[in-house]
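Quick note: the coordinates plus some simple rules give every number you see, no bench work behind them. Because the structure is predicted, anything quoted here is derived from the model rather than measured. With ideal geometry, Cβ positions are generated from the backbone for all residues, glycine too; neighbour counts draw on all protein chains shown.
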Amino acid sequence: MHGGMPSQGARLSDIDILLSIVQGVEGRAWALYREGWDRQNTDVCFWEGIECEPTDQITVVGISIAGADLSATIPTELGLLTTLREISMPRNILRGSIPKEVAELPHLETINLRQNHLNGGLPNFMSPVLKFVDLSYNDLTDFISSSIGNRHERLTDYSVMHNFIMGTIPPSFGKLASLNTLNLSENQLSGTIPRAIGEAKMMHFLYIDNNYLIGTIPNELARIDSPMEEMWMQHNLLSGTLPAAIADMKHLFNFYIDGNKMTGTIPQELCREDLNADFFLSAPNNLPRDLCDSIACPVGEISVEGVYPCTPCQADYEDPYLGRVGECISLDQENILTKIYQSTNGEEWTGVGTKWSQDNSNYCEFTGVTCDNSKNVISLNLKGMNLVGTIPEEIGFLRYLETLDVSDNALTGFIPSDLRHPPLSTLDLSGNILIGIVPPMLCLKGINGNGQQGYFGCDRIACPRGTYSSTGIINERDSKCRPCKSANLTYLGSKECSGSNLSSQKDLASGVLSTILFSILMLLSLAVFVTERVRNHAKNLDGYRAPIDDEDGGKLT
């Protein structure tokens, strides 16, 4: 390391830049016990956690302060250290956002801010030599840049686990030829798993569990030459069947898909002793595990964790999904209608009166309900009745439902893929506050004229976000969903760009927010349970088996 004072110029000295990390009374107390940070040594290269390179002048290339109880914000001044290759400050008490000036450092190779209290938007790092990103266990929001795979061709490890990242998974991740670990677990990602992800041929570890991903598992992920060792996809909204080719992935030892909406059976070739074996290390030796149930409980059975040991559903209850967690679904139509009422703040509905009260035992007389002669619910019309909350999955188990209209309410969340089960011919979800995308399998049903003249389109179910039509879909009146200037002004099935389709519901704003927060709390409660499972599993593995040093970097878990 090179000694001597840094030159003083127009910009701040390296000493002043580094000391910008020391903030307030807590910062000064912290600095007293850190070599050099108390200003006793004017050569920053001898400060604790600072790395320099021997050049003609002092060149600070690294800041590594791990698990040091540092309480501070990340100062914008760090962006002046343009020679920085590493910023590693995991397991501290860092607050605030990640400054744009830091994200634009031109030579940054490693950024590790894991386990802090950072918030604000997920930054777009600009360094073309970036290799390692770990921002997990923070409170970051926003979207992952769609161009991430075009900008960082050397990226090997990327983790934003346990944040509040929204949007979709960028297909450009598939362009990263060196990507080893991709960890997007425990966020609010929606949309489908991009097929292009399968093009990342060096990926060993893929963690996308505990999001809102829908659609099927792409066959492109199941390459016979894939080096993939772990794929964690549990607790999403994935549907379809398991690609049988996954059994040909020779290096795969952990594969979790429980807690989704997948159907069919577990391919027999996947039922092998070495798959998910470590999850059962703590199981009693006298309790042999069912190898197929170790992947997911079969259709018609449930368990606490979605895997072995599994219990069959009781009479009048159903489970059409693999790896279902918790409870089977009641097929009793009155129970389903009650669930709809409870999930959408039924006590505040307008125009209902006593027609949905518990004292009324004839559900066919409920407001908006139409039954056939056998008391089967065939139509449900709750248009403009002040529904607030989410569309419950149970609605998809009204076996004879042909028409569903919940338009012009304040329903939030995602469109449940369970709506693919009943024989729906008419579906109107427009004029709500729905996000994500239309479940792809729902788009293949003969709903709202889908399939006529060979055309199947999700825009017949709901115009995508960023577009609108007068009806919220395309039909005879609207030949297409027209684009808005900003996607942020609309939701799924929007009837206009300004967002004024919700103007009659302004008084519901606080109620909608409460509902969203309630939904998040419910999901967090589930996440606590899942986290315990993960932690117990991680103890056996010493963390995820990603090849990352745990001392300063922490494993990408």
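Restricted to Cα atoms, region 332-440 shows a radius of gyration and a Dmax of 12.9, 39 angstrom. Here residue 495 is the anchor, and the lysines within straight C-alpha reach of less than 17 Å, apart from those fewer than 8 places off in the same chain, are 383, 480, 485, 506. The distance from the alpha carbon centre of region 318-386 to that of region 136-183 is 41 Å, rounded to a whole number. Reported to the nearest whole Å, the Cα centre-to-centre distance from region 214-246 to region 292-316 is 20. Listed by Cβ neighbour count within 10 Å, with the fewest neighbours leading, 292, 463 appear as 292, 463. Using all pairs of distinct alpha-carbon atoms, the Kirkwood hydrodynamic radius of region 142-288 works out to 15.8 angstrom.
Fewest Cβ neighbours within 10 Å first, please rank 456, 125, 280 accordingly.
Numbers: 456 14, 125 20, 280 17.
Lowest to highest Cβ neighbour count: 456, 280, 125.
For region 14-234, go through all pairs of different Cα atoms, get the mean of 1/r, take its inverse, and jot down that Kirkwood value in Å.
Working: mean 1/r = 0.0545 Å⁻¹.
Radius from the Kirkwood sum: 18.3 Å.
Taking Cα pairs under 8 Å and at least six residues apart, what relative contact order does region 14-234 come out at, in percent?
Numbers: 573 pairs, mean separation 23.3, N = 221.
Reported relative contact order: 11 percent.
Cross-link reach is defined here as a Cα-Cα straight distance under 21 Å, omitting same-chain residues fewer than 8 places apart; for residue 261 the lysines meeting it are 339, 445.
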